[in-house]
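Shown next, in structure tokens, is the structure this report addresses.
The values are calculated or read from the model by the stated rules, or taken from the named source; none is laboratory data. This is a predicted model, so every value here is computed, not measured. We place every Cβ from the backbone using ideal geometry, glycine too, and count neighbours over all the protein chains shown. Heavy atoms of the whole protein, side chains included, go into the accessibility calculation; ligands, DNA and RNA do not. Shrake-Rupley method; radii C 1.70, N 1.55, O 1.52, S 1.80 Å.
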Amino acid sequence: MTGKRKTGSIGEELAASILQSKGYYILRRNFTCPYGEIDIIAVKNNVPAFIEVKVRSNNRYGEPCEAVDIKKQRRIKNAARYFIAQCGRKYEKFDFQVMEITVNHIEDLEF
Amino acid sequence: MLAKTRTAALSGLESVLVDIDTDISSGLPYFNIIGLADTSVKESTERIKRAIINSGFTYPKNRITVNLMPAYMHKRGSHFDLGMAVGLLRATGEIKAEKDDSHRIFIGELSLDGEVMPVKTAFAITAGIIDQEKGKINEIIMSYRNCRECSILTQNTGISLIPARSLSQVADHIRGRHIKAYDRSHEKNEDAGDTADIDFSDVKGHEEAKEAIAAAAAGGHSLLMIGPPGTGKTMMAKRIPGILPPMTAAEQIETFKIYSCAGMTGEDCCSKMKRPFRYVTRNISRAALTGGGRIPLPGEISFAHNGILFMDEMLEIPQEIIEALREPMEEKKVHIVRKEGSVVFPADFIFAGASNPCRCGYLGDPERTCTCSASKIRSYRSHLSGPMSDRIDICTEISRVDYERLMDRKSISTAEMKSWVETARNMQEERFKGCAFRCNAKMPDSLTEEFCRLGNREAGFMREIYIDHGVSTRRYYKLLKVARTMADMRESPDVRMEHLTAAFHYTRFLKKE
């Protein structure tokens, strides 16, 4: 794993635990389909949430959430459609979220 | 949070107050402008963002929606930047002020470092606001570089003009650390000045044509010069600006407004504006002449407002383009109709044209023979239709000057012609005191009886002309008015025989088939 991917997976790990502590039940991690990828799919109160996790170690290239442009949004939307179609359950509402994680300090990258 | 600010938008020459609603809501970062804004307005999102950050304010990470009202009206231009940026700063809480901004309008473009840049349409927008929405606002904030030209409009209106340099300065102003209003009193009133470096004395001979040109400039008559190539038509036309009387302050404002609305003003102030002289050649399009475009902009005839429109090689111009001048010449304004609505631009110009007598150019030349066939000549002349030629007051034929004349040291100079024009203008000023018009050409036909009183001999002459030469009613009155100008140029209180014959002489060509 490269340093960048590692930072990302640590961020997703962190995001998942935050979501769980907020009462979400994690359905899928790194859901991949031909239309795109969704970092975390979690459910709370029977409303599935599609969550994109953005991890940045600095703000040099703008805010993390700004990186989720219209193209990325469209990929997430299509992947979400795919997931809903194949999950076999009926939901009435859906939730799309972006989680920003800003890393100040990384220690011990050797797992 | 929601914030409200104000600016104005141009629709033709009229200004409409535009309310800017800025709303910040949760969501991914996005800057959305709605309210029929065109590309130049939508591009302002990036300018505003950088200007806000570079001025040291924080820029929100949320969804920003800006609504420009009234939403049905098309908006264009870069002057919305300042109002939107202030709205955004208010919405984020960067600017906290007790009073709202409904009494002030913002006109200005922002540079990336937060400087308030001037916009060329500022004059037209301010003029429109003062005409139509005067009671609603009492403060206009604009770039300090626009203030000099606009201060002539705001004086004695109770509206203060705030010269802004940067976005942070404007923010301080709203918070209560006021910028001093622009003070016009130290402004020197610059005159247009005489800068004509070409003189009529460069054109030798042509006394008759020069008299005709002076009469056109003096009385506001339309003029046509006909002659073979190389005899000096264009040369004389280029010297016309030198003999035009200076513009009054009100005329300057009217004309400057038109240039401003088209974004054609330079650094110069409107008090330096000279009577316009617009030179039009044959490759002009109809829209460029009368004004037009999807979003209507003024054309050459409006740029020539209060001045002269000169059409060179007039009969080479497609007839439909020449005919487009008919209504504006009568009404002194032009209507441009679009499906979004129509706009009116003033177009009160003196028409001047020059043309060859035929396609080869030598018809009637004593030295060279014309090679055109009769039908060719007819088709060439037909570009000037009956109704159009009827609108031309003075037509002068220009022919080759003799060698003796060419070598003559003395010829009528600009100074001399200008003095005729001034004499005639003074006479008209005196005569038309209290009237709505100021020159002979604009005199209503019904008043010719009063202002162009004829003696017995003169009345008999006019009767003869009307009956024997079959002139139209319009031409009959035009003859009287041109004769009145001829008399004015010679300081004659009455229209006499010689003035009538001179006026009639200048219609010779128009009668020819």
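Tell me which of B:Leu325, B:Val343, B:Gly299 sits at the most positive position along the dipole axis of chain B, charges placed on C-beta atoms (Lys, Arg +1; Asp, Glu -1).
In chain B, that residue is B:Val343.
So for A:Ile84, B:Ile467, what's the accessible-area order with a 1.4 Å probe, most first?
Sorted descending by solvent-accessible area, the residues read B:Ile467, A:Ile84.
Of all the C-alpha pairs in the protein assembly as shown, what % are more than 36 Å from each other?
Cα-Cα pairs in the protein assembly as shown separated by more than 36 Å: 56 percent.
Please give the FRET efficiency for B:Asp468 paired with B:Glu330, using the beta carbon to beta carbon distance and R0 = 22 Å, rounded to the nearest 0.05.
0.20
For the protein assembly as shown, give the magnitude of the charge dipole about the Cα centre (Cβ charges: +1 Lys/Arg, -1 Asp/Glu; no others), in debye to the nearest 20.
Its charge dipole is roughly 1860 debye.
Can you give me the solvent accessible area of B:His79 with a 1.4 Å probe, rounded to the nearest 10 Å²?
Spelled out: B:His79, probe radius 1.4 Å, area about 0 Å².
Mean separation of Cα pairs under 8 Å and 6+ residues apart, divided by the residue count of chain B: what relative contact order is that in percent?
Taking the mean separation of contacting Cα pairs over the length of chain B, I get 13 percent.
Can you work out the accessible area per residue across the protein assembly as shown, with the rest of the protein chains kept in place, probe 1.4 Å, in square angstrom?
49
With loop defined by DSSP as not H, G, I, E or B, and exposure as at most 11 other Cβ atoms within 10 Å, which is the longest segment of chain A clear of exposed GluC sites (Glu not before Pro)?
The reported range is A:1-91.
Starting from the Cα of A:Ser17, step 7 Å along the direction of its Cβ; do the same at B:Leu406; then give the gap between the two resulting points in nm.
10.2
Give the carbon-plus-sulfur fraction of the accessible surface of the protein assembly as shown in %, rounded to a whole number; probe 1.4 Å, heavy atoms of protein chains only.
Carbon with sulfur: 48 percent of the solvent-accessible area.
Sticking with the crude label model, points 7 Å out along Cα→Cβ, report the distance from B:Gln155 to B:Arg282 in nm, one decimal please.
The two pseudo-label positions are separated by 4.8 nm.
Kindly compute the accessible surface that chains B and A hide from a 1.4 Å probe when together, both sides summed, and give it to the nearest 100 Å².
Result for this pair: about 500 Å² buried.
Using Cα positions and a limit of under 22 Å, work out the lysines in reach of B:Lys233, with same-chain residues fewer than 8 apart set aside.
Straight-distance partners of B:Lys233: B:Lys204, B:Lys210, B:Lys410, B:Lys418, B:Lys511, B:Lys512.
With r defined as the distance between the Cβ atoms of B:Glu320 and B:Ser389 and R0 fixed at 22 Å, what FRET efficiency is calculated, to the nearest 0.05?
E between B:Glu320 and B:Ser389, to the nearest 0.05, is 0.85.
Specify the angular offset, from 0 to 90 degrees and rounded to the nearest 10, of the alpha carbon long axis of helix A:70-87 from the longest principal axis of the alpha carbons in chain A.
Tilt of helix A:70-87: around 50 degrees.
Let me check something: with ligands and nucleic acids excluded, how do B:Thr414, B:Thr248 order by accessible area (1.4 Å probe), largest to smallest?
Ranking B:Thr414, B:Thr248 by accessible area, largest first, yields B:Thr248, B:Thr414.
Averaging the inverse of every distinct alpha carbon separation and then flipping it gives the Kirkwood radius. What is it for segment B:2-175, in angstrom units?
15.8
Compute the helix-to-body angle for A:3-21: its Cα long axis versus the longest principal axis of chain A, expressed 0 to 90° and rounded to tens.
Result, in degrees: 50.
Taking 8 Å as the Cα distance limit and 6 or more residues as the minimum spacing, I'd like the relative contact order of segment B:258-354 as a percentage.
RCO, segment B:258-354: 30 percent.
Can you check what the Kirkwood hydrodynamic radius comes to for chain B, Cα pairs only, in Å to one decimal?
Here the Kirkwood hydrodynamic radius works out to 25.7 Å.
Can you list the lysines whose alpha carbon is less than 20 Å from that of A:Lys93, not counting same-chain residues fewer than 8 positions off?
Qualifying lysines at Cα under 20 Å: A:Lys22, A:Lys44, A:Lys77.
Charges on Cβ only, +1 for Lys and Arg, -1 for Asp and Glu, centred on the Cα centroid of segment A:3-102; of A:Tyr82, A:Val43, A:Phe96, which one is farthest towards the dipole's positive end?
Final value for the positive-end residue is A:Tyr82.
Over segment B:2-175, calculate the relative contact order: mean separation of alpha carbon pairs under 8 Å at least 6 apart, over the residue count, as a percent.
Averaging sequence separation for qualifying contacts and normalising by length gives 25 percent for segment B:2-175.
Where the only charges are on Cβ atoms (+1 Lys, Arg; -1 Asp, Glu), what is the dipole of segment A:3-102 about its Cα centre, to the nearest 20 debye?
260
In deg cm²/dmol and to the nearest 500, what is the mean residue ellipticity at 222 nm of chain A if only DSSP H runs of at least 4 residues count, each as -39500 (n - 2.57), divided by the residue total?
Roughly -11500 deg cm²/dmol at 222 nm, from the helical runs in chain A.
Evaluate E = 1/(1 + (r/R0)^6) for A:Val43 and B:Ser111, where r is the Cβ-Cβ distance and R0 equals 56 Å; express this FRET efficiency to the nearest 0.05.
0.70
Please name the residues of segment B:43-82 whose accessible area, counted over protein heavy atoms with a 1.4 angstrom probe, falls by no less than 40 Å² between the chain alone and the full protein assembly.
Buried on complex formation: B:Lys61.
Once ligands and nucleic acids are excluded and a 1.4 Å probe is used, how much of A:Ile70 is accessible, expressed in Å² to the nearest 10?
Counting only protein heavy atoms, the figure is 110 Å².
Given a 1.4 Å probe and the protein chains all in place, what does the accessible area of B:Asp312 round to, in Å² to the nearest 10?
10
Under 21 Å Cα-Cα from B:Lys96, which lysines qualify once same-chain neighbours fewer than 8 residues away are excluded?
Reachable lysines: B:Lys4, B:Lys49, B:Lys61, B:Lys180.
What is the Cα coordinate range of segment B:367-513 on the first, second and third principal axes, sorted by size from largest, in whole angstrom?
53, 43, 30
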